[in-house]
């Protein structure tokens with residue numbers, strides 16, 4: 001779940017900030033967005049967001065502080081918004097309930113910040129209280145196809161909701177939907193399409209029942225999700241899955257948000273007292289056997305010819321650790337042998353004579369990201385670094401026309417990338433076994449320079465001509481791993 005609106009940078013959380021975060025993350029919250037309110041807190045908001053990679057923020061001036069918005073403040077907002085931690089302009093909007101600033105001052109500040117958001121291609125987080133008509137009028141006038149955002153802590157009627165959706169906005173609900181006298185608001189929840197709903201706590205305010213009147217915290221987001229599920233007569237799993245996907249998409253929190261289409265986040269119970277937020281497939285450190293086929297592709301320059309050795313059987317072992325449920329670290333050793341290079345070669349070339357029978361080995365260090373760690377099947381992306389050592393024979397036709405074999409060895413570094421899936425198989429008392437299938441590409445960073453045809457005379461111009469080749473490995477593989485139940489043993 002993503003808490004799209006929580007002011008946890010305020011003084012109410014200074015004494016137990018770390019505990020509040022830990023409680024939120026232990027109760028199913030994956031990310032928290034903290035909207036700024038006034039210029040004097042911009043620095044604190046941004047600094048707080050850097051304390052954890054799951055925290056993000058927005059920059060903006062609340063209508064209560066609209067008179068503080070000037071050219072200098074707009075410039076500060078724009079400069080701060082270049083930080084990757086800033087995912088929106090907000091909290092901005094109109095508030096006619098309190099008389100802190102005249103409507104004209106609020107409107108001017110609202111419009112200026114909307115235009116800044118469009119310039120920066122960021123969504124806006126909108127505050128609205130008893131200002132429906134003016135708010136909609138401004139949004140309609142400023143909507144040129146580039147404006148997007150969310151009406152936070154929505155308290156309008158169904159008609160207001162529908163007009164907001166027509167303008168391309170999302171609707172965010174908080175603890176107010178659990179209040180006893182919120183029948184009309186619950187009707188709005190029922191009528192709002194699930195794919196346009198976001199969840200928020202608006203901490204430290206708007207605590208849901210049964211904590212109404214107390215300090216609100218992001219950990220209470222599950223109660224709001226449960227209420228949405230109850231109102232719409234669907235499972236909480238559906239609510240979490242769709243609202244999380246929508247929040248990732250609107251605020252661009254991660255490049256892998258598309259994987260939430262396939263995620264099953266294991267929050268399916270409707271009774272919140274019974275919800276288990278722990279990983280049903282706990283993995284700490286595991287050991288595995290890896291096997292696959294390797295295609296070695298050498299690209300020669302400047303000719304541009306590709307020579308590939310296909311279907312080389314590769315095997316080895318791996319060790320994998322999970323510092324977090326959605327991140328894993330892995331070290332892998334592989335080796336392969338090419339006894340008959342000409343037989344396995346897809347395309348011949350005069351330079352192919354330099355790549356005679358060889359033995360190769362590779363050590364890979366990778367970090368993987370799993371967007372759906374609580375599912376039985378986990379999709380993942382990974383990247384990393386590897387080193388490859390190749391031992392091969394080279395025939396020196398000049399030193400010995402009969403073909404003197406020189407035994408050579410070279411070690412090269414590479415960057416790698418890959419994708420795949422992991423199937424989790426828990427075994428009572430024995431931990432978790434996994435079966436993974438993936439495809440990795442290793443791009444060697446070092447190139448090799450060879451003579452085009454050394455069978456020419458030493459003084460021949462042809463002998464002095466050199467050719468350069470670069471290499472990459474394509475290695476589809478299957479890995480079977482065992483993760484002992486260390487959590488039960490210690």
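Some values worked out for this structure:
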item	result
Over the stretch 2-274 - Rg/Rh using Cα atoms and the Kirkwood inverse-distance radius	0.94
Contour minus Cα-Cα distance for residue 443 and residue 427 (0.36 nm per residue)	2.0 nm
Distance between the stretch 149-198 and the stretch 108-136 - C-alpha centres, whole angstrom	17 Å
Cβ-Cβ FRET estimate between residue 387 and residue 234, R0 fixed at 51 Å, reported to 0.05	0.50
Label point 7 Å beyond Cα of residue 190 along Cβ direction - residues of the stretch 152-170 with amide nitrogen under 13 Å	158
Theoretical gain in end-to-end length, residue 211 to residue 104 [0.36 nm per residue, Cα-Cα removed]	34.8 nm
For the stretch 2-274: relative contact order, % (alpha-carbon pairs under 8 angstrom, 6 or more apart)	17 percent
Using a Förster distance of 35 Å, the FRET efficiency for residue 18-residue 162 (Cβ separation, nearest 0.05)	0.25
Estimated FRET transfer efficiency when R0 is 51 angstrom, pair residue 474-residue 11 (beta carbons, to 0.05)	0.35
For peptides 473-486, 216-229, sequence by mean Cβ density within 10 Å, most packed first	216-229, 473-486
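No lab work stands behind these numbers, since they all come straight from the coordinates. All values derive from a computational prediction rather than experimental measurement. As a convention, Cβ positions derive from the backbone with ideal geometry for all residues, glycine included, and neighbour counts pool all protein chains shown.
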